[in-house]
Amino acid sequence: MLIVMAGLPGSGKSTIAAALARRIGCAVVAADPIEAAMLRAGIAPDQPTGLAAYVAAEMVAREQLRLGHDVIVDAVNDAPEARQQWRDLAAAEGVDLRFVEVLAPDRGAHRERLEGRARDLPGIPEPTWASVQARREGCATWDEDRIRLVADRDPAHAAAAIERGLRARSRP
């Protein structure tokens, strides 16, 4: 199964993706660390490293799926093209696809999370609140079936809720 996390930066999706991976025993392929590695390797920040990180994440996910592993993709996935990338991958590899959208409890909590976080991703600046707001429309217009979760509880609780949702959607 390919499980694709989506949500604005600072929504809690990476924390929940890690908790879900521990719970169901699979890998997380995250775009941000891949992009940070590209920058650390000397690729200039003015290059399309964000897009390249999605492409690299797709290749890593593809290899893991071919080995028979479930994979969680951790990326914003706010653009329809990004979500199509994962649909295409799942179809090509013949695996089930489940999207999980993580939402912050409210804008105040979201902004506080975003401005208070410190990730160990050298070279990648934290997004500004204004840049996150500019990306909000991509998620707001998404009308596809997905598991939607407000990240207002312990990540382990959120992971359990997602697992239940995955099982419910897997039943014939």
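The values are calculated or read from the model by the stated rules, or taken from the named source; none is laboratory data. Predicted model, so just to flag it, every value in this text is computed and none were measured. Note that each Cβ is placed from the backbone with ideal geometry, even for glycine, and that neighbours are counted across all protein chains shown. With ligands, DNA and RNA removed, areas are computed over all heavy atoms of the protein, side chains included. Shrake-Rupley method; radii C 1.70, N 1.55, O 1.52, S 1.80 Å.
A few comments on the model shown:
- Inter-residue pairs, beta-carbon under 8 Å, first under 8 Å from Pro9 (Cβ atoms) and in region 124-137, second among the hydroxyl-bearing types (Ser, Thr, Tyr) and surrounded by 14 or more Cβ atoms within 10 Å (Cβ to Cβ), 6+ apart: none
- Just one of the listed residues (Arg113, Arg107, Arg66) is open to solvent by 70 Å² or more (accessible area, probe 1.4 Å), over 14 Å from the mean Cα position of the chain (by Cα) and at pLDDT 95 or above, and it is Arg66.
- Test: residue in region 145-162 that is more than 15 Å from the chain's Cα centre (by Cα), modelled with pLDDT under 90 and not charged (D, E, K, R): no
- On the stretch given as region 126-165, residues that are of a type in the set (S, T, N, Q) and open to solvent by 60 Å² or more (accessible area, probe 1.4 Å) total 2.
- Residue within region 91-102 that is more than 19 Å from Leu149 (Cβ to Cβ), under 14 Å from the mean Cα position of the chain (by Cα) and open to solvent by 20 Å² or more (accessible area, probe 1.4 Å) present: no
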